[in-house]
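J.: One structure is given below, represented as structure tokens, and several questions about it will come after.
The values are calculated or read from the model by the stated rules, or taken from the named source; none is laboratory data. The shown structure was predicted, so the numbers you read here are calculated from the model rather than taken from an experiment. In this analysis, Cβ positions are derived from the backbone assuming ideal geometry, glycine residues included, and neighbour counts consider all displayed protein chains. We work out accessible area using only protein heavy atoms, side chains counted, and drop any ligands, DNA or RNA first. Shrake-Rupley method; radii C 1.70, N 1.55, O 1.52, S 1.80 Å.
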Amino acid sequence: MRRAQFVRVALCVLASLVATLCMRGYGAQAALYEFVGGGLLVPSLFGSRPNIMVLIAWFAPQAAFCFLFSDVLAGGLGSDAAAVLPRVGSRGVWLASKLVHLALLSAAFSLLSQLANGAVLFVCGCTASVPELIGVVARCAALGFPLTLCLVLAVNCLAIKLEPVAAFAVVEGIYVAGLVGLAYLPREAAMAVAPWLPFAQGVLAWHDCSGWTSAFSLGVPGFSVVASLAYLGVCVALAAVVALRLVRARDIF
């Protein structure tokens, strides 16, 4: 990995931290459950909807990550064609190394951003108990990692066919439209479809958290974090298979 990649991850973590600090104006407790935990994306019992500026702040850090790493595969095929691919022996081995890099970077972004968010909210006086705060941070990081990896893989796969900026716009547009559209559905309809939609798997507030907290009381009963991790794992595997097919079919010079 290059130093520039770590700098990009650090910038994305900083963006997440700044967004959480901005949401602290609503109260540290609300920032934890509504912003970090994604409660603002779950339709309330009273029909209230999220503010557009809050939505932009929520999506921005992950969008920045996907944009900054949108050209890992397509750009790598061009830069590594003459020097690296002959040494590694096959495109499959080359792709595996790139996937490991993206997985490590996605894990670092998800873990560090959630740790930073939890730490700053704790310092700012969040009244949640320490075990509950750790529970939110840990679950958000666990869900955020495969979701971020899936999104950045989708962008990179599409970037092999399109320009990276266009690929990012398509994938991020579908992701944002899906989550925001779900937030604006009638609550009964949203609860019925949320467990089946890939983009809802990464939002903790959609899950059944009754076993360890009552803060996320609007989630879908029986919708477990473990099931979402399995769902997202399958999505990552499918994206990796698609990436392999595209890399093998790509002409390089």
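J.: Would you call VAL234 open to solvent by 60 Å² or more (accessible area, probe 1.4 Å) and out of contact with any strand residue (DSSP E or B) (no Cβ under 9 Å at 6 or more places or on another chain)?
T.: The answer is yes for VAL234.
One line per residue, one yes/no per condition, for (1) open to solvent by less than 10 Å² (accessible area, probe 1.4 Å); (2) aliphatic (A, V, I, L, M); (3) modelled with pLDDT under 95:
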{"position": "VAL13", "(1), (2), (3)": "no, yes, no"}
{"position": "MET23", "(1), (2), (3)": "no, yes, yes"}
{"position": "GLY27", "(1), (2), (3)": "no, no, yes"}
{"position": "TYR33", "(1), (2), (3)": "no, no, yes"}
{"position": "GLY37", "(1), (2), (3)": "yes, no, yes"}
{"position": "LEU40", "(1), (2), (3)": "no, yes, yes"}
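J.: Take the conditions open to solvent by 10 Å² or more (accessible area, probe 1.4 Å) and either over 22 Å from GLU172 (Cα atoms) or at pLDDT 90 or above (or both) and apply them to ALA96. Does it pass?
T.: The answer is yes for ALA96.
J.: Residue pairs, Cβ under 7 Å, 6 or more apart or interchain, first in region 174-203 and touching a residue at least 12 places away in the same chain (Cβ under 8 Å), second of a type in the set (Lys, Arg). List them.
T.: Hits for this filter: ALA183/ARG49; TYR184/ARG49.
J.: Could you identify the single residue in LEU229, LEU185, LEU244 that is at pLDDT 95 or above, open to solvent by 40 Å² or more (accessible area, probe 1.4 Å) and on the phi < 0 side of the Ramachandran plot?
T.: Of the residues listed, the single one that is at pLDDT 95 or above, open to solvent by 40 Å² or more (accessible area, probe 1.4 Å) and on the phi < 0 side of the Ramachandran plot is LEU229.
J.: Select, from TRP206, TRP212, the only residue that is open to solvent by less than 10 Å² (accessible area, probe 1.4 Å) and among the aromatic types (Phe, Trp, Tyr).
T.: On inspection, the qualifying residue turns out to be TRP206.
J.: Next question. When you check LEU218 against the structure, is it open to solvent by less than 30 Å² (accessible area, probe 1.4 Å) and in contact (Cβ under 8 Å) with a residue 24 or more places away in the chain, yes or no?
T.: No: the conditions fail for LEU218.
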